[in-house]
Structures are given as C-alpha cells and as structure tokens.
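First comes the structure, then the notes that go with it.
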Amino acid sequence: MYITSGELAKRFKVSIRTIRYYDQIGLVCPSKLGEGGKRFYSEEDCLILQKVILLKSLALPLEEIGRIIKNQSTESILMIHKTYLEEQVSNIQKSIAHTNSLLNILTLEGTVSLVVPPKQNKTWSLLFSADEEEKLRESLPKLEMDNPSIKRWINLVRRIELCIQDKISPGSEHAKLIIEDMEILSEEIFQGDQNLMEKFWKVRRSQESSNELNLYPIKQEIIDFIEEAYAIIQGQQG
C-alpha cells in the first residue's frame, strides 16, 4: 500500500516542501514513482520519516540523522530519544524547584534576587550522622518544594515577623499559639527525636551554619523571639 507525498505530509504534520527536500538529499525517498514523477511512499518509508522526525526533535543535523538511521535499529533510536526525554524531564524538574524556591523566598521577604548565589561546600556529615542526615533530608521543609509542610513553615516565620512588627510580646497568648504550632510541625519533622531536634536547632540558630548547609537563614530577631517564648512557656510549666 502506497500513499502520496501529500498524504504523507498530512499524516506526519510536515510540509510538502520538507518531504521534497528529504527526497532531494536522500533521507526519505519514495519507493515508487508514478506518471509525471508523482511520488508514492510505502509503510517502510513512513517508518523512516518517523525516525527522522524523532531524531530531529533532538536538534541533530540532518547529515547525522541520516547516519544514525542507516546504522541504528528502531529500538536503538527509541532508546536515544528516551534518554533525551529523561534529561529534559530532569532539567524541567530542576527549573520548577528553583522557581518554587524563588516564590517561597518572595513570600518570606517580599522581594527576591533572580541571581543564584553559589552553593556552599560544607557537608552535612560534619554535623550529623548518616542516619540523621538522611532523616533530615527526607523530612525537612524545603524552599524548592510546593507542599503543605513548607507553607506551614513559611506561615510560622511570617506570624513571628508580624508579632515583632506589632510589638507583640513573646509571652503573649498569640506567641504561645505560634510555639504550639511549631511543636506540631517539629513532631512531624523529627518524629519525636529530641536529640536530633536540638542538634538541628543549634545549626539553625547560626546564620553562618545555615548558609554553609544551603538552608534558608532565619533572622536573628526571629530566633530570639522563639527562644524567649519557649523560655517563658517552660517557666510557666515549671
């Protein structure tokens, strides 16, 4: 069964001009010529055009595409395309994570720099055991994510900032509710591991250590508010 160049172009959504050019350079040639030079393409020709279109999506030059089609099986070509798509997915996921980070920083700070600072090289293993590091990486709210955990964390930070802005005391009922919400989130993150929570908080108290581990640095005034509120609550409980 043969189809004309017009039918071929329509099936694969390419122009007649493209079909003629591929014939001209010997990339996709018709299996049969009719009266007046009319071109007819077989199913095998259609398969070759499919391979060309697939490889062209990888931004390969036509000369290279011709060599690949001659030397590679259909399975190999599909694997090449699959690898390319996986790389594209990975790049898109990284871009989404970066954009989420910018959106979350914008929510926290009201402004954001689109210039990405270089990442620090200090490793978590200098401060935490392998098990602790794995647990933290899995459970900590991350700026690059878009989920309820990071939203709750951002809201807590913003509520504390509003308390400071409005001169609400760390001993107020409002502050007490914030601390209770922090404890609920901490329970989710640290799963009752008090020692790990204290080790991590020691790191978070230092903007330098937070930067070294590529964590969002918490302002000193927020840390002071949290610690004072905790001390007041503990004093009341004692």
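The values are calculated or read from the model by the stated rules, or taken from the named source; none is laboratory data. On a predicted model such as this, the values are computed, not experimentally measured, just so you know. Every residue, glycine among them, receives a Cβ derived from its backbone with ideal geometry; neighbour counts consider all protein chains shown.
Of all residues in the stretch 32-39, none are in a helix (DSSP H, G or I) and at pLDDT 90 or above.
In this structure, ILE150 does satisfy being under 20 Å from LEU213 (Cα atoms) and either modelled with pLDDT of 95 or more or touching a Pro at 6+ places or on another chain (Cβ under 7 Å) (or both). A Cβ distance below 7 Å, combined with a sequence gap of six or more or placement on separate chains, defines the contacts here; from the stretch 216-238, residues that are buried (at least 16 other Cβ atoms within 10 Å of the Cβ) reach residues that are assigned to a loop (DSSP other than H, G, I, E, B) and not aromatic (Phe, Trp, Tyr) in the pairs TYR216/LEU143; ILE223/ARG205; PHE225/PRO170; ALA229/PRO170; ILE232/PRO170; ILE232/GLY171.
The single residue among LEU60, LEU49 that is in contact with a Phe, Trp or Tyr (Cβ under 7 Å, 6 or more places away or on another chain) and under 20 Å from VAL28 (Cα atoms) turns out to be LEU49. Screening GLN191 with (1) surrounded by fewer than 16 Cβ atoms within 10 Å (Cβ to Cβ); (2) within 28 Å of the chain's Cα centre (by Cα); (3) closer than 23 Å to ASN104 by Cα gives one miss only, at (3). Contact annotation: no residue pair with Cβ atoms under 8 Å, 6 or more positions apart or on different chains, pairs a residue in the stretch 10-32 that is farther than 13 Å from VAL52 by Cβ and without any contact (Cβ under 8 Å) to a residue 24 or more places away in the chain with a partner that is acidic (Asp, Glu) and surrounded by fewer than 11 Cβ atoms within 10 Å (Cβ to Cβ). Please verify whether the stretch 101-111 includes one or more residues that are assigned to a loop (DSSP other than H, G, I, E, B), within 23 Å of ILE25 (Cα to Cα) and either out of contact with any helix residue (DSSP H, G or I) (no Cβ under 6 Å at 6 or more places or on another chain) or at pLDDT 90 or above (or both). No: the stretch 101-111 contains no residue that is assigned to a loop (DSSP other than H, G, I, E, B), within 23 Å of ILE25 (Cα to Cα) and either out of contact with any helix residue (DSSP H, G or I) (no Cβ under 6 Å at 6 or more places or on another chain) or at pLDDT 90 or above (or both).
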